[in-house]
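Report on the structure given below.
The values are calculated or read from the model by the stated rules, or taken from the named source; none is laboratory data. Bear in mind the structure is a predicted one, so any value in this text is a computation, not a measurement. All Cβ positions, glycine included, derive from the backbone under ideal geometry; neighbour counts span all protein chains shown.
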Amino acid sequence: MDAAIQNKNERINLRLKSSAKSLIERAASFEGQTVSHFILTSALERAEKTVQMHETMTLNAKNSSIFFKALANPVRFNRKLTAALEEHDQRVVSK
């Protein structure tokens with residue numbers, strides 16, 4: 001949660017229902033935090049989990065073995081693969 005205590009230069013505004021605001025204020029008070037700090041730390045925790053979930057791949061033992069074998073034995077380029085890659089280059093524009 002380093003980001004929660006660093007210099008603050010950015011701002012996010014949001015609108016919410018009165019009931020949601022009351023709930024957040026109540027939860028923040030239970031934690032002994034300001035509403036801003038509670039929202040920031042909660043959002044950062046959720047953001048870290050979301051990013052990790054999308055950037056991390058977990059494999060079971062079988063799939064891990066298959067993956068590492070594929071890395072150890074690279075694909076041999078044949079005519080069909082070369083043609084497919086050339087077609088891909090013609091159809092797909094990369095940024």
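The table below lists the values:
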{"quantity": "Near pairs, Cβ below 9 angstrom, 6+ apart or cross-chain, from region 22-49 (assigned by TED's automatic domain parsing to the domain that holds Ile12) to any residue that is of a type in the set (D, E, K, R) and part of a helix (DSSP H, G or I)", "calculated": "Val35/Lys21; Val35/Glu25; His37/Glu31; Phe38/Glu25; Phe38/Glu31; Thr41/Glu31"}
{"quantity": "Test: Phe30 is exposed (fewer than 10 other Cβ atoms within 10 Å of the Cβ), aromatic (Phe, Trp, Tyr) and not in a helix (DSSP H, G or I)", "calculated": "no"}
{"quantity": "When residues of region 43-92 are limited to those that are within 30 Å of Asn13 (Cα to Cα) and of a type in the set (Asp, Glu), the one surrounded by the fewest Cβ atoms within 10 Å (Cβ to Cβ)", "calculated": "Glu55"}
